[in-house]
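The values are calculated or read from the model by the stated rules, or taken from the named source; none is laboratory data. Please read these numbers as outputs of a predicted model, since none were measured by experiment. All Cβ positions, even for glycine, are placed from backbone atoms using ideal geometry, and neighbour counts span all protein chains on display.
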Amino acid sequence: MGIFDGKTYLAKCGGISSDGLGVARIDSPNTRDDGLKVFVEDLLPSEIAKIHITSREKTMAKGEIKEVMQTSSHRCTPVCPEFRLCGGCQLQHAEYSLQLKMKQDLVRSCLIRLGKFSQELTDSVLEPIVGAQDPLYYRNHVQYPVEYSHSTRSVNIGLYERKSHKIVEHEKCYLVHPAAEVIRGVAQIYFSDHSRSNIARALRQLVVRVGFFSKELMVILVVNRKIEFDAADFAQACTVALEERKQAIRLTSIWTEERPDSTRRKTPSSIWTNLWGEPYIREFLENRVFRISPDSFFQTNTKQAIKLYTKVKEYLRYNGALPRLLADVYCGTGSIGIFCSDVCHHLIGIESVESAVIDARANANANYITDTEYFCGKAEDYDFGNMMPDAVIIDPPRKGCDEKLLSHLLLLAPQHIVYVSCNPATLARDLQKLTSDPNTRYVLKKACPVDMFPQTTHVETVVLLSKQN
């Protein structure tokens, strides 16, 4: 009958995977499956359960819980009633202290398994994870998918179910700033009006960006074709709703982004139109001010971004030597480099998104930072020429650094490399390449996880590499 014949196995969970599945081992002595690694949804570390295998490969399998035999003392009731259905969170059923431990263990495991660093070295350099003071309502940027019903000629705006493109009916999201949920509610009613059905059929996403400290808000309507409507009227409806819900936030900008119907993510061919208000919003990080354009990257958790950047600045000060020339690669709107500009003499930023480069230059001017230059282009193609930076900050996307860029870094051979990563797996892979080069060998000096995304499995990590000689 094979392995999918209803047979159950006893398995104990030892950790979580990067996508939130419990990583368990089958405990079945004297059988060929004893010790087999199984990924099980909704299983927490230290829990023991009877599981049924649903799919299998040579060295691992996936399974589902049939009966929990031993429950973790850190399991809790999710605050969101739609947690089991919605794909936005993975860890609401775990107390926050356990979430932090799981993320710390995930970073440690990746450094050892994928980075090939010894346990002794890893434990000596890995600092305790920096947790969030506010593990709820922290997101300053949310993308709501929009679904149009031809039968009712109305829209449904929300979040996707897990592993699907079906929108979950929910009262509110417990991760995003409450003002974003107010805008979602207004948009759902406003664009469900039959007189606006032509606009509703073009809507694909509602994007809201919030300045936690500036109290400014931007709305972006992602559409598959050009639309025309009274943006000032929509802005007035949003303003009234924000006041009624006692949200001390001011709507300052409304945009549309036209993209192909089949494209779910923004593309270089997108057409951006500022329909109403200012072309950007601002945000404050301690004594620095930043402007954020609709297509520019900015850290999703504003309060934790301050802690993250403070850790980067601490690593740049390693051994008391301040960099004369600091290169900020994948700089986005320049937030990390500008935040750390008081520990270097000259700053250079490299970014591939033109609007982000424009924002970075404006942000440098707004913060009265003159010894800085920003260049638009792919980091891996940038010609550093005779430039010899003392330190380099790299903050790549989840896929990690391009191999060409890693080769450039090894040729540049800065004294310090501070790597900021949102993916422990690709981080460990890149670190292994940087520390195993026989000519310019770098040494892992410090590593610190920062929880930018409570209730999810995502974790940010800051790493310091120093040249051995």
Lone qualifier among SER97, SER55, SER73, SER17 - being under 27 Å from ALA132 (Cβ atoms), surrounded by fewer than 20 Cβ atoms within 10 Å (Cβ to Cβ) and in contact with a Phe, Trp or Tyr (Cβ under 9 Å, 6 or more places away or on another chain): SER17
Qualifying residue in region 373-383 (condition: of a type in the set (Ser, Thr, Tyr) and touching a Pro at 6+ places or on another chain (Cβ under 7 Å)): no
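Picking from SER28, SER18, which residue would you name as being assigned to a loop (DSSP other than H, G, I, E, B) and in contact with a strand residue (DSSP E or B) (Cβ under 7 Å, 6 or more places away or on another chain)?
SER28
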The lone exception for ARG201 - which of (1) closer than 15 Å to PHE229 by Cβ; (2) part of a strand (DSSP E or B) it fails: (2)
Residues located in region 148-173, provided they are in contact with a Cys (Cβ under 7 Å, 6 or more places away or on another chain) and surrounded by 21 or more Cβ atoms within 10 Å (Cβ to Cβ): LEU159
Which listed residue is farther than 29 Å from ASP233 by Cβ, acidic (Asp, Glu) and at pLDDT below 95, from ASP261, ASP295, ASP328, ASP342: ASP342
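Does VAL23 meet the test of being touching a Pro at 6+ places or on another chain (Cβ under 9 Å) and either farther than 26 Å from PRO424 by Cα or surrounded by 14 or more Cβ atoms within 10 Å (Cβ to Cβ) (or both)?
Judged against the criteria, VAL23 is a match.
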Filter result for LYS50 (more than 26 Å from LEU136 (Cα to Cα) and of a type in the set (Lys, Arg)): yes
Total residues in region 130-163, condition modelled with pLDDT of 90 or more and closer than 18 Å to CYS86 by Cα: 18
Single residue of LEU91, LEU111, LEU98 found to be closer than 29 Å to HIS170 by Cβ and assigned to a helix (DSSP H, G or I): LEU98
The lone exception for PRO128 - which of (1) farther than 24 Å from ALA11 by Cα; (2) surrounded by 18 or more Cβ atoms within 10 Å (Cβ to Cβ) it fails: (2)
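A quick yes/no check of all residues on (1) in a strand (DSSP E or B); (2) of a type in the set (Asp, Glu); (3) closer than 23 Å to PHE453 by Cβ; (4) out of contact with any Gly (no Cβ under 9 Å at 6 or more places or on another chain):
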| position | (1), (2), (3), (4) |
| --- | --- |
| PHE229 | no, no, no, yes |
| ALA237 | no, no, no, yes |
| LYS246 | no, no, no, yes |
| GLU257 | yes, yes, no, yes |
| PRO260 | no, no, no, yes |
| LEU275 | yes, no, no, yes |
Residue that is surrounded by the fewest Cβ atoms within 10 Å (Cβ to Cβ), among those in region 248-261 that are in contact with a strand residue (DSSP E or B) (Cβ under 9 Å, 6 or more places away or on another chain) and closer than 12 Å to ALA179 by Cα: ARG250
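Could you tell me how many of the residues in region 409-444 are part of a loop (DSSP other than H, G, I, E, B), touching a strand residue (DSSP E or B) at 6+ places or on another chain (Cβ under 8 Å) and of a type in the set (S, T, N, Q)?
2
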Where SER269 falls short, out of the listed (1) at pLDDT 90 or above; (2) not in a helix (DSSP H, G or I): (1)
Qualifying residue in region 304-325 (condition: within 24 Å of LYS378 (Cβ to Cβ) and more than 24 Å from the chain's Cα centre (by Cα)): yes
